Every structure is written in C-alpha cells, then in structure tokens.
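Here's the structure we're looking at; comments come further down.
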Protein chains: 2
Amino acid sequence: MSVNNWAHRKANKTIKLVDATGNPIAGKDVALTQTNHKFLFGCGIFEAIEVANKSVPEDRLAFLEEQLDKFLDVFNSATLPFYWTLFEPEKGKPRTNELKTAAQWLKERNVTVKGHPLCWHTLTAPWLLDMSNEEILKAQFDRIERDVSDFKGVIDTWDVINEVVIMPIFDKYDNGITRISKDLSRVGIIKEMFEKTREFNPNATLLLNDFNTSINYEILIDGCLNAGVEIDAIGIQSHQHQGYWGREKLEQVLDRFSSFGLPIHFTENTLTSGHLMPADIVDLNDYQITEWPSTPEYEERQAKEIEEMYSILFEHPLVEAITTWSFSDDGAWLGAPAGFLRKDNSPKPAYEVVKRLIKEDWNTNVICQTDDNGFVSFEGFLGEYDLVCGDKKVNFKLEKGVDTEQIII
Amino acid sequence: MSVNNWAHRKANKTIKLVDATGNPIAGKDVALTQTNHKFLFGCGIFEAIEVANKSVPEDRLAFLEEQLDKFLDVFNSATLPFYWTLFEPEKGKPRTNELKTAAQWLKERNVTVKGHPLCWHTLTAPWLLDMSNEEILKAQFDRIERDVSDFKGVIDTWDVINEVVIMPIFDKYDNGITRISKDLSRVGIIKEMFEKTREFNPNATLLLNDFNTSINYEILIDGCLNAGVEIDAIGIQSHQHQGYWGREKLEQVLDRFSSFGLPIHFTENTLTSGHLMPADIVDLNDYQITEWPSTPEYEERQAKEIEEMYSILFEHPLVEAITTWSFSDDGAWLGAPAGFLRKDNSPKPAYEVVKRLIKEDWNTNVICQTDDNGFVSFEGFLGEYDLVCGDKKVNFKLEKGVDTEQIII
C-alpha cells in the first residue's frame, strides 16, 4: 500500500498565520492535529438512545456509557434506527423526542448521524395492514414529511428506502410497503420516496440501500438515474456472517458500482469473530442459535479481515463511508459476535486495528515552523484540524480545492 | 378451455348489407370467412430473402418456394434478419435491396414483417472495432436512421435492441456495441436507440427483446418505463432447446411481465422434436453436434407442447404475437429439429396442430342470413374477413369497438 493510493483522501494547504493586527507570526512552531475525518467511519449505535435519554437502570447506563466512550474514541458517524414499527408502534405516537435527544447527543460529540430507513418492508408499521394502498402511500409520505422535517439540521443523511430489489416480491409475510411497491414498481417507489424526502430536506444526503449486490441492483440504480432520481450515494450492505468476501469480490463489487460515478457508502458491514454461518442459509434471519461465541482465534481473523477491507475501501476514490453494523457484541444483530467490543465491553483486536487505522495511519499530526512571512505548508488527510501555536489554539478545515488560508491567532 | 378465455380475441358486429342504391339486402345467405388474424402468428422466415430475390439455384428455389407456401398457408407474421455484420458486411454496402424485395414480397402476401434487430452486440459489424466509442455510437445511429427510413411502410415493427441485460457484461469477444453500452448504461442505450428509431418511424411498433426472463429484465423494463422510454411491446425469447418451460413457468413469466400493462410478444420460440440439449449448457450456442434428428416420438411431444403453449399465450389478454424462430428444420438455428417442417419440407404433427389452431379453432367461418332490414350479426375472432353474398365478395375488418358497419355490395 503506497501513500499514492490516498491522494483522493488528502490535500495540500498553505496557512498564513497572522496576529490580531495582521502581522505574520514568523519562525514559530505550529502543531497541526487532525481532530476529525471527512471520511465517515461509522457504526450502528442504537445504544445512544438509552445513553442520551438515560432510560435504563444505572448499572446498565454506566455499562453503555463505557461502550459509547469507546465508540467516540474512534468513530465519527452513527446510524440510528427509524424502523417504523419501533419508531411509531402506536399510530400517531412516534418516539421523536427520544430519537432527537440521541441524535443531538451524538451531534454534540461531532458525530454525523444517519437515519435508517424511511421506507422498508421489514419492521414496517403493522397498522398499515388495515389501510387501502392509497392510504398506506399517504401514511408513508406523511411519515417522511414529519420525520425528515423534525430531524432536519440534526439528521441530514437518510437511508431513504431499503432493499427495493426484493421489496415487491418479499413473501415472508404480508406488509403495507410490499403492497404499495407492487403498485408503484421498484423504480416508481424509489422515485416517490426520494422526491418526498428531498422536498423536506433539500440538502440532505439521500441513499438507496440494498444487500443485493448483483446485477439486479446495478440495473435498478441505472433505471433510477435515467428516471431522474437524485441518489446522493449508493448504499451497499455487506453482512458477511457467512464469510469475508475477500479482496477479489470486494474489488469486483466496487468496480461494478463505481460505473455510476456516484459516492458509495458501505452502510452495514459485518465481519464476525466467531464461527461462520452455514453457506446454505439464504435469509440471514433464519439462522437462530443460542450461543455464538467470540473466540481468540476468530478474533484474529476478524482483525485481519477488518484491516484489509477497510484499507481497500479507504483507497477507493468513490467510497465515502464505512459503517460497521454492530459496534459491540452486546445486543448485536442475530446474536453474532459482530462487534469491535466483546459483550463485556472489552475491545477485540479488530477495535485496536480500526483505531490505529483511523487515528494513526490515516490521521495527520505534524509539527511545522512558520517561515519569515508566517507561512506554513503541509499535506494531510481531509477533515478538521486543531492548530496550536504557543498557548493559542484555533481550528480549521482541510478540504480539496482550498489551498491557502489566512488564520488569525 | 372455454370460449370465455377468448373474449379479448373476439368482437360482435352487426353489418347492414345494402345494394348500390342503398336498399337493404334482405333474407339472403351471407358467408363470413376470416382471412387474417389481428393476432400475429409468426416465424423467423429468412428464406424469404432467397425466394423473393430468386438468388439460389433453381432446385433449391423450388424447395424453398414449397417451404414458403406452407408458411403462408398458416402464418401472418414474419421476422427478417438485420444482423449488422450480415446486412452490411462491408461498411457502406448494406443489403437494402435484397431485404426490401423480401419484405415487400411478404407484405404483398398479407404478412406483417418485423426487422430483427437494429442494435445487438452479437453479429454486429466487426468494422466497428476500429472506431472510437463516439464513432461507434454515431455509426449505430446512422444505421438506424438509414434502415428505419428505407424500410418505412414495408417494415413498421422493429426489435430495436436485443439482449441488453447481458450487453455490457458480454465477454465472449470484444465488440463495438458492448463497448458503447458500458458508456451509456443499459437504460441509457435503450433510451437512445428507441428515440432514434422513433424519430424515423414515429408510428412503428418498437420492441425491447431479451432471452433473460429473470427479475433482471423486469427491473430493466421498470427502469426504462420510468425513464420515459416508449416501449410498444415487451419481447420475450423462449428458446426451449433444454425442455419445455411447462404451464407453471409460462404462466409465472406471463404474470410477472404483465404487471407493466404492455403488450407482450413471444418473439423467438423454440420447441424441438428431438432430444433435449443438456441442462448444464449456459450459452445455447456452445452446444455443437453433428446430427440432431427429429424423431416420431419427439415430434408428438413437440406437437403437444406447441398446442399447450400457443393455447396459453392466445388466452392471455396481453400477448399479441407468437413467433416460432425456425419454421423449418432446414437451416434451423444450432441444427436443432426446431421447425414445423422436417428437412425435406414434410410437415410435422406440430405443423398440423398449429394450422388447426390458427385456421380452425381460432378462426371464424359462418353462414348467416340477413333479416328484413338487411342486418346480419355475428361474433368472431378479430381480423380481416371476406363477406360473400351470391356472386358478390367484399372484405371488412372485425375490430373491438366498431360494432356496426354498413356494407355495400
């Protein structure tokens, strides 16, 4: 891996450091410390709801606070759950306040929050089943209008619609969203949901998200783009309970979905530190076991796979986000040992790996000296920085295309 | 099978028969004989080129003329080949005259002709490989402009673009069309080709055609329709060299592709009277054998399958055309015994079956008597009719929504 593979992640910048009267600060040591990444390193961190709302007993709260501290030490992006049946179990009584408290709590800690998802056939509101298709569509629109408006400014990234490839042919159980997706067609329902979301938060980052990485999803995206749907990023799920894709498949997927020229978000990544789920399971939800232990041997495997996968994604110019679905084994989806932490909050080797990558290998931390005219030049990873000079500290952004900046200290 | 299943294929009509001075022809016998179907019963009948142009030795010509006679006895629709490499082997020297002679010859015999295809990666012009992608796209557009214009009025039905699901990932050999399909994306190339074809024959019937009947093709069509592509009919290939789909699969395919509400054409049907191609062959072209005999036993099977399949399709309200790809075993694709005729021009049982269906079971032939006011009412299959009364003969059309007509004899 060479530094050249990160050219798209970096920028050069020349800062002119001046004092309050505009005189250059010459010949001084300046410490430039990256405090945040432009790249989104995220996790599903639904526990933020309980921590922010203090809605669990004290010992559990302390445990979750410790978990969240470890999350905040490394990550800058979080996915919060908006599954309709959980968010609004009783029609007209959404859990807006709780979710807003959580999103706000994360935002204050410099974490970008994504809401997941606005429209999905799974975990949708069961009370839709009593409605006509026209009423379901209206309820779905109303839901988008209400939630996207309520969270605007706190949540400006949404998985608008989830798993549309399977949506109209999903036959495990009847549900309101599958019903309307049959009426509207796949591209049709995507178009409607994106337009409605855009209407109530025009500058939001809107994702289409799917676990299907086959040609089906490619053709679906192609259709959407040709139909004028403004997709801001392609969401790709990568739950690898049945084994790591490996470099070849990962690069092939990246290659295929890069053809659209759109940003790619790995939205739901899973690499476990346990035994593999049998390959013959088609719907991962069908695998129900009582115990799925994390073992030292498999923790080493997980760490290696995390390092390779994150490195490949970070090197790819179109990837802008990686979210590991379960930050901790505690409460992880399917009971899988899918987290960076074990059930007792102790960090696995994968946590140390991802922390090193994000906080050291891909992080800029330099000390330079201003020249006679107060200039200091450096190259660093894109993101937010602290500049410390003597007892003064200011912050600035390192962005592409903003090569020079005058900073007053 | 009940007559009710054909309601969409039939109409009622009341004819008022009058003489030249406008007096009703009362109490006379009237023979109403269907001479053509609205439904398109077709075959790939590339031999029409040689017959119409008399471009083969005399004995071969006589043989082919006999073949064509048998075709014309039953069918009212024909597909002619416009494979670019065969149609224009040398750039700038298209076989326009030959093809036009053939199309005209068929048209004069009351046969609707379809051109197949305007854009396809297989059998495309090899000389495209010397061009830049921009030049290839221009050459493809020029080809459409030239051919669609040249044949307008003679060929007003086109397979605009063929097998797009596989087109950009087709990797058997490099070709110009796969190259540009990668640039344009699937929906993009379909959109461009349909718009160009429509531009030079606005009232033509334009088809998208594919052998892929999976969810891929559904999503592709969905994308096209949402992107504003005006598809007049969905073309479905059904080369069943590896065995008859059977009622269940056929009805499932019909059900899935009916959801768009568009007419469906079965564009390339094959049911052989020989042994089945092994199921493990993926690209049918890979099956090369020296001899693929038609046997009495398999001819019975073919006849049964043809009867069931044609009956299911004729009963389906959205199906408007069935084309059997090889009319005769002589020169059939892959050397398969795929025809209605054997290699010696003798008709197989399947020929007799399809002739009975088209010319008897689904054909109207009645004698009625006019009433005192010259009225005669009847119900019949949609299409063209001869009306014979005494020594007079006139023709008329039986269409949906045209319930009464005055006819002067």
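The values are calculated or read from the model by the stated rules, or taken from the named source; none is laboratory data. Quantities reported herein were computed from a predicted structural model and do not represent experimental measurements. Heads up, the Cβs are rebuilt from the backbone with ideal geometry, glycines too, and the neighbour counts pull from every protein chain shown. Accessible surface is based on the protein model in full, side chains and every heavy atom, while ligands, DNA and RNA are left aside. Shrake-Rupley method; radii C 1.70, N 1.55, O 1.52, S 1.80 Å.
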Any chance the stretch B:320-335 includes a residue that's of a type in the set (S, T, N, Q), surrounded by fewer than 18 Cβ atoms within 10 Å (Cβ to Cβ) and not in a strand (DSSP E or B)? no
Condition first: under 21 Å from A:Y351 (Cα atoms) and modelled with pLDDT of 95 or more. Can you find one or more residues in the stretch A:88-104 that meet it? no
Failed item in (1) surrounded by fewer than 18 Cβ atoms within 10 Å (Cβ to Cβ); (2) in a helix (DSSP H, G or I); (3) in contact with a helix residue (DSSP H, G or I) (Cβ under 9 Å, 6 or more places away or on another chain), with A:N345 passing the rest: (2)
Residue that is open to solvent by less than 40 Å² (accessible area, probe 1.4 Å) and part of a helix (DSSP H, G or I), where the choices are B:L80, B:L61: B:L61
Exactly one of these conditions fails for B:K114: (1) of a type outside the set (V, I, T); (2) on the phi < 0 side of the Ramachandran plot; (3) not in a strand (DSSP E or B). Give me its number. (3)
Go through the stretch A:162-187 and give me each residue that's within 13 Å of chain B (Cβ to nearest Cβ), farther than 15 Å from B:I215 by Cβ and buried (at least 22 other Cβ atoms within 10 Å of the Cβ). none
Listed residues B:V56, B:V74, B:V51; which is of a type in the set (V, I, T) and free of Cβ contacts under 8 Å to residues at least 12 places away in the same chain? B:V56
What about A:Y310, is it within 30 Å of A:G380 (Cβ to Cβ) and of a type in the set (F, W, Y)? yes
Of the numbered conditions (1) open to solvent by 50 Å² or more (accessible area, probe 1.4 Å); (2) farther than 23 Å from B:P24 by Cα, B:L357 fails exactly one; give the number of that condition. (1)
I need the full set of residues from the stretch A:109-149 which are acidic (D, E) and open to solvent by less than 10 Å² (accessible area, probe 1.4 Å), in order please. A:D147
The lone condition B:T324 fails out of (1) over 27 Å from B:G261 (Cα atoms); (2) of a type outside the set (G, A, S); (3) touching a Cys at 6+ places or on another chain (Cβ under 7 Å) is (1)
Sort out which residues of the stretch B:131-143 are more than 16 Å from B:N97 (Cα to Cα) and not polar (S, T, N, Q), and write them in order of number. B:M131, B:E134, B:E135, B:I136, B:L137, B:K138, B:A139, B:F141, B:D142
Just the residues that are charged (D, E, K, R) and open to solvent by less than 20 Å² (accessible area, probe 1.4 Å), please, taken from the stretch A:1-43. A:K13
Report, by residue number, each residue of the stretch B:1-49 that is among the hydrophobic types (A, V, I, L, M, F, W, C), closer than 20 Å to B:A78 by Cα and in a loop (DSSP other than H, G, I, E, B). B:F39, B:I45, B:F46
Taking the stretch A:208-252, which residues are within 14 Å of chain B (Cβ to nearest Cβ) and closer than 30 Å to A:H275 by Cβ? A:D210, A:N212, A:T213, A:S214, A:N216, A:Y217, A:Q252
Considering each residue of the stretch B:194-203, count those that are surrounded by 20 or more Cβ atoms within 10 Å (Cβ to Cβ) and farther than 13 Å from B:I144 by Cα, and give that number. 0
For residues in the stretch A:253-298 being aromatic (F, W, Y) and within 30 Å of A:L206 (Cβ to Cβ), which is farthest from the other protein chains (Cβ to nearest Cβ)? A:F266
Go through (1) under 25 Å from B:E352 (Cα atoms); (2) open to solvent by less than 50 Å² (accessible area, probe 1.4 Å) one by one and return the number of the condition B:A227 breaks. (1)
Looking at A:E297 and the list (1) surrounded by fewer than 18 Cβ atoms within 10 Å (Cβ to Cβ); (2) of a type outside the set (F, W, Y); (3) assigned to a helix (DSSP H, G or I); (4) touching a Leu at 6+ places or on another chain (Cβ under 6 Å), which single condition is not satisfied? (4)
